[in-house]
């Protein structure tokens, strides 16, 4: 009988599962695992805060096309709690992740050893993650760890992808275990078939799309993560169907494709939302049809479902019919579904369908939209117009370069007016919309794609939330370029507050009544990365070109006007805000405005 320490067997298991990077932070509960990891080919990327590690693991998985889970290592108690925001963000965006957390010694469960979480149950730290992970395990015996790890890696990537947690008492890392337990599981990695679409349903959907007067395709993030973008683009081209998309679906079709229309919802343009509303058939694929993309589900703002007939395809059966009345629902993988529908469309309509007027209208409207912002894109004013920042970046960034956004102008503006050409190269916090996501996620993206250019667009609020990704970048030489779009404010919230209450209390960064900002370029230099301070609009592009050419971590601090992102869609909160003494009935009371089909007699 051959034995070895659990920590070393676990590292061997991770190597066999193809793990190349682990993002995390040390702590006394995981030192035994770090000892085993020290001599491994797996690269441990050490960060300064567990939320950074979680976002970086998220970005790493996205950089790999969500084909593999990001792996996060964290200490117990405060370490695990610090990671919650990042793991929850990954969960709501369906990003696969395996979280390995150290826990209190198993012999001390319930005695309140150092940093134990036990107010409702003994040694119950793993329960913190239950609301947002696909499953959380606490491993109570060493023999169970191989089975749990096997399940964890498979569960993270099957069905709707997402994070899982394995909480391991620290003494288990240091126990000896018969190697046969891990040997039985180490190569138990079968190729799991994904649910497809039957031929009859595929043909029915193809006919609905082809015969419709105003069909639209509506991809979400599931199209990108399943590798279905090529099939989506081919189907749109064959039947000449306009493609709108969710924020997370941006990049599912190249934005310069003649049938690519744009993003819908709160920050969608007027044409985009009207195109969605006039559709007689809409096929949504790989999307939860969430609030931001659907203008708070208000009828007559982005979608009119019904009379629009909705075809909804998603890997998660719980999403079908959740938010809109559905004509055809299919629980299947996006790539399998789109491939089947494309094949059916080519059989039934070998010469395709032509909609020249639709193609012409899209081209004219897109040209008109960019003409409407052309002045701002070329403006020499300083602080800079945000449109100029985005336009200069698009001209400099390679077609396959990554843009990692945070929240605010850098996400909403990019979604609305920044062309993305390759699937997966736009990385943004969607579901949880976490401020501070971008600085850390960019690390993971660059580690996953070292040969690609990676630019993180970050507001000064998001960058100020945590600048320590600079330290990891400096130590590991991770060549991210951070562009701090600095308006000395929590800009989006400042705009909302000013719109409804005519003040900006609590949202501006000021000192002695004047705008205040730390010097992010100097902070970068202090951490050991290259820092730039842009002092005029004409400086920005040359500085950006230089930073990208250096192929080393850089931060560019550029002052920006706090201009609102133009919003043509509807957001429910704008009907909820109410000043004292103001007579303002809430639209949300009128259910018929949100879901008229539920009101039908």
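Among 264, 201, which comes first, second and so on when ranked by fewest other beta-carbon atoms within 10 Å?
Numbers: 264 30, 201 19.
Starting with the residue having the fewest Cβ neighbours, the order is 201, 264.
Rank by packing, highest mean first: peptides 411-424, 142-155, with packing defined as the count of other Cβ atoms within 10 Å averaged across residues.
On the way: 411-424: 22.9, 142-155: 20.1.
Result, highest mean Cβ count within 10 Å first: 411-424, 142-155.
Efficiency by 1/(1 + (r/R0)^6): what FRET value for residue 512 and residue 552, r their Cβ-Cβ distance, R0 = 45 Å, to the nearest 0.05? Intermediate results must be reported in sequence, preceding the final value.
On the way: r = 37 Å, r/R0 = 0.81.
Once rounded, the FRET efficiency stands at 0.80.
Is region 373-559 rounded, prolate or oblate when judged by the Cα gyration tensor, a ≥ b ≥ c being the square roots of its eigenvalues, rounded requiring a/c under 1.5 and prolate requiring a/b larger than b/c? Working shown, then result.
Values: a/c = 1.43, a/b = 1.30, b/c = 1.10.
In terms of gyration-tensor shape, rounded.
Using r as the Cβ-Cβ distance of residue 130 and residue 199, and R0 as 41 Å, what FRET efficiency do you calculate, to the nearest 0.05? Present the calculation step by step, with values, prior to reporting the outcome.
On the way: r = 40 Å, r/R0 = 0.98.
That pair, residue 130 with residue 199, gives E of 0.55.
Any idea what the relative contact order of the chain is, in percent, if you count C-alpha pairs under 8 Å spaced at least 6 apart? If you can, show how the numbers build up before the last one.
Details: 1326 pairs, mean separation 84.2, N = 601.
Reported relative contact order: 14 percent.
Please state the shape class of region 468-516: rounded when a/c is under 1.5, otherwise prolate if a/b exceeds b/c and oblate if not, all from the C-alpha gyration tensor. Present the calculation step by step, with values, prior to reporting the outcome.
Details: a/c = 4.13, a/b = 2.56, b/c = 1.61.
Prolate, since a/c reaches 1.5 and a/b exceeds b/c.
In nm, what is the difference between 0.36 nm times the number of residues separating residue 304 and residue 28 and their Cα-Cα distance? Present the calculation step by step, with values, prior to reporting the outcome.
On the way: separation 276, 0.36 × 276 = 99.36 nm, distance 5.57 nm.
My answer for the length gained is 93.8 nm.
Go ahead and collect, in residue order, the members of region 201-230 whose backbone nitrogen is under 11 Å from a label point 7 Å along the Cα-Cβ direction of residue 327.
Backbone N within reach: 205-216.
Over region 3-183, calculate the relative contact order: mean separation of alpha carbon pairs under 8 Å at least 6 apart, over the residue count, as a percent.
Dividing the mean separation by the residue count of region 3-183 yields 26 percent.
How much of the DSSP bridge set in the chain is antiparallel, in percent, rounded to the nearest 5?
10
Antiparallel versus total DSSP beta bridges in region 199-365: what percent is that, nearest 5?
Values: 0 of 19 bridges.
Here the share of antiparallel DSSP bridges comes out near 0 percent.
Could you give the nm distance between label points at residue 4 and residue 525, where each point is 7 Å from its Cα heading toward the beta carbon?
Label-label distance for residue 4 and residue 525, simple model: 4.9 nm.
Taking 0.36 nm per intervening residue step and subtracting the Cα-Cα distance, what contour gain separates residue 192 from residue 317 on full extension?
Values: separation 125, 0.36 × 125 = 45.00 nm, distance 1.84 nm.
Result: 43.2 nm gained on full extension.
Full-extension gain between residue 278 and residue 237, please, as 0.36 nm times their residue separation minus the C-alpha to C-alpha distance. Each step should come with its number before you reach the end.
On the way: separation 41, 0.36 × 41 = 14.76 nm, distance 2.01 nm.
Taking residue 278 through residue 237 to full extension adds about 12.8 nm, to one decimal.
Just to be sure I understand the model, the point goes 7 Å from the Cα along the line to the Cβ. What's the resulting residue 122 to residue 364 distance in nm?
7.5
Can you sort 267, 482 by how many other beta carbons sit within 10 Å, fewest first? Numbers along the way, then the final one.
Working: 267 24, 482 29.
Starting with the residue having the fewest Cβ neighbours, the order is 267, 482.
Contact order normalised by length for region 205-257, with contacts defined as Cα pairs under 8 Å and 6 or more residues apart; what percent is it? Could the numbers behind the result be given before it?
On the way: 59 pairs, mean separation 23.6, N = 53.
Once normalised by length, the contact order is 45 percent.
Which option, (i) 16; (ii) 38; (iii) 26, is the value of percent of Cα pairs over 42 Å apart that was calculated from these coordinates?
(iii)
Rounded, prolate or oblate for region 199-365? Axes are the square roots of the Cα gyration tensor eigenvalues, ordered a ≥ b ≥ c, and the cut-off for rounded is a/c under 1.5. The partial results should precede the final answer.
Details: a/c = 1.37, a/b = 1.09, b/c = 1.26.
Taking the square roots of the gyration eigenvalues as a ≥ b ≥ c, region 199-365 is rounded.
Just from its helices, what would the mean residue ellipticity at 222 nm be for the chain, if runs of 4 or more DSSP H residues each count -39500 (n - 2.57) and the sum is divided by every residue, rounded to the nearest 500 deg cm²/dmol?
Estimated from H runs of four or more residues: -11000 deg cm²/dmol.
Could you list 351, 75 in order of exposure, starting from the residue whose Cβ has the fewest other Cβ atoms within 10 Å? Write out the running numbers ahead of the final one.
Numbers: 351 7, 75 23.
Ranked by crowding around the Cβ, least crowded first: 351, 75.
Bear in mind that the values in this text are calculations on the coordinates, not laboratory data. Computed from a predicted structure; not experimentally measured. So basically every Cβ, Gly included, is an ideal-geometry build from the backbone, and we count neighbours across all protein chains shown.
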